[in-house]
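Chemist: Mind having a look at this structure? Questions to follow.
The values are calculated or read from the model by the stated rules, or taken from the named source; none is laboratory data. What you see is a predicted model; the values in this text were computed from it and never measured. So basically every Cβ, Gly included, is an ideal-geometry build from the backbone, and we count neighbours across all protein chains shown.
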Amino acid sequence: MRILHLTTEFPPVIYGGLGTAVGGLVTASARAGMAVRVLLVGETGLGGYGQPISAEQVRADQEEGVADPAGVSIVSVSWYDAQEVGIRLVEQWQPDVVHLHAFWLWPVARAIQERVGTPLVYTVHSLDRAEYELGQGPPECLTQWEMQAAAITTADRVIALSRSEKELLMQYCPGVRDRVRIVGNGIADPSRAQGARRENGRSEHVQVLYIGRFVERKGIGDLFSAIPSVLARAPASRFILIGGHRHCSGAEMERRWLPPALSPYRSQISFMGWLAPDEAEEWYDSADVLVVPSWYEPFGMVILEGMLHGLPIVASAIGGPAEILEHERTGLLFPPRDVEALACALLRFVENPAQRRNIGTAAVEEVHREWLWSRIVEKMRCVYQEMMSPKHPPAMSGLRTS
């Protein structure tokens, strides 16, 4: 089975959950015996994948690009050459399935469909229309939705990361109902994370960790509003806030984001700025509580990361978090946009070390039972096999050429 992934992020080129998820799936697929290649489009030089290649450099007898530590061949290409290189690569390597991960690459995927006819799977990592409607994203989300909707309605199989995302997909694009499959993301279990599992609450200062983008839909404003209530009852607590645009410093994020109302609590709030995955890992190791107050969350890789490190998690009862976590057993869920409920849930963990320990332990067990990549990749293999079966004709068969 040969799978070609189309993406704009692949470790160490990571700007958010997309890169982490794609990297995990690709690596797990290779370890599960699939032949996998990645067409990495865009600003890739910092990833160590060499200079972008042109279509003329793609040959059937060469290992295009460079191999990552798992032995996966990475083909680095510029936006300008992406369509031509993608078509040439598919013609030469002849993958069984092309797997699209970023709708920005829909023109590349469409060109491959029309020229070569390789079945297309599209994982919808986030719905731009929902980003606007549910997460109060910028108007650009609606402008971009037209392209994303085209990718969704034309793909042979559409992967929703959660049941709630499937429901949104069918609401926005009713015609895809029979082509949607639910396959969540997974997580690897590095020895470092294994060693990080410890009894929470060992420090006199309980550290509450937020890690994610600083945008409305992530609920960062609600967290700011909840902090005074938490610190009024637990003044020894500390809030660690990680996120921002690439290479943004903590000082810059503080200048931009610290509300005036939180100035009296400045010594108890630390803005860390953008951190590379290895740096963020250290904060998972040292934190006591993870908070995910999103308004719209298609899946939530941060949830799995927190669970793997044995962190008790406070999360909004929406989307992926509500389906991954079981309230009172592997985390605490609260109604989205409810600042008072958020503060109360945080205080339950901050003031109760035993509960932090018990729920963190249950979360570790759950993530190992349900969410390791070795399990998730087999679900994805089933989707690929559907596409390789003559009983399941491609959605764009009328556009295919022999």
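Chemist: Which numbered condition in (1) modelled with pLDDT of 95 or more; (2) closer than 22 Å to Ala343 by Cβ is the only one that Ser203 fails?
Modeler: Going through (1) modelled with pLDDT of 95 or more; (2) closer than 22 Å to Ala343 by Cβ one by one, Ser203 breaks only (1).
Chemist: What are the residues in the stretch 296-317 that are part of a loop (DSSP other than H, G, I, E, B) and within 16 Å of the chain's Cα centre (by Cα), if any?
Modeler: Once the filter is applied, which keeps residues that are part of a loop (DSSP other than H, G, I, E, B) and within 16 Å of the chain's Cα centre (by Cα), the stretch 296-317 yields Tyr296, Glu297, Pro298, Phe299, Gly300.
Chemist: Do we find a residue being under 24 Å from Ser126 (Cα atoms) and charged (D, E, K, R) anywhere in the stretch 311-329?
Modeler: yes
Chemist: Kindly provide the set of residues from the stretch 376-391 that are at pLDDT 95 or above and basic (Lys, Arg), ordered by number.
Modeler: Lys379, Arg381
Chemist: Kindly provide the set of residues from the stretch 318-374 that are among the acidic types (Asp, Glu) and not in a helix (DSSP H, G or I), ordered by number.
Modeler: Passing the criteria: Glu326, Glu328, Asp338, Glu351.
Chemist: Quick one: in the stretch 245-289, which of the residues that are free of Cβ contacts under 8 Å to residues at least 60 places away in the same chain and polar (S, T, N, Q) is surrounded by the fewest Cβ atoms within 10 Å (Cβ to Cβ)?
Modeler: So the residue we want is Ser267.
Chemist: Related question: Looking at Met387, Met380, which is the one that is closer than 27 Å to Leu169 by Cα, more than 22 Å from the chain's Cα centre (by Cα) and not in a strand (DSSP E or B)?
Modeler: Among Met387, Met380, only Met387 is closer than 27 Å to Leu169 by Cα, more than 22 Å from the chain's Cα centre (by Cα) and not in a strand (DSSP E or B).
Chemist: Ile159 - would you say it is touching a residue at least 12 places away in the same chain (Cβ under 8 Å), in contact with a strand residue (DSSP E or B) (Cβ under 6 Å, 6 or more places away or on another chain), in a helix (DSSP H, G or I) and not hydroxyl-bearing (Ser, Thr, Tyr)?
Modeler: Judged against the criteria, Ile159 is not a match.
Chemist: Please state which of the following conditions Trp283 fails to meet, knowing it meets all the rest: (1) at pLDDT 95 or above; (2) touching a strand residue (DSSP E or B) at 6+ places or on another chain (Cβ under 8 Å).
Modeler: Single failed check for Trp283: (1).
Chemist: Is there any pair with a first residue in the stretch 205-226 that is more than 21 Å from Glu305 (Cβ to Cβ) and a second that is assigned to a strand (DSSP E or B) whose Cβ atoms are under 8 Å apart and which are 6 or more apart or on different chains, and what are they?
Modeler: Taking only residues 6 or more apart or on different chains, the pairs are His205/Arg238.
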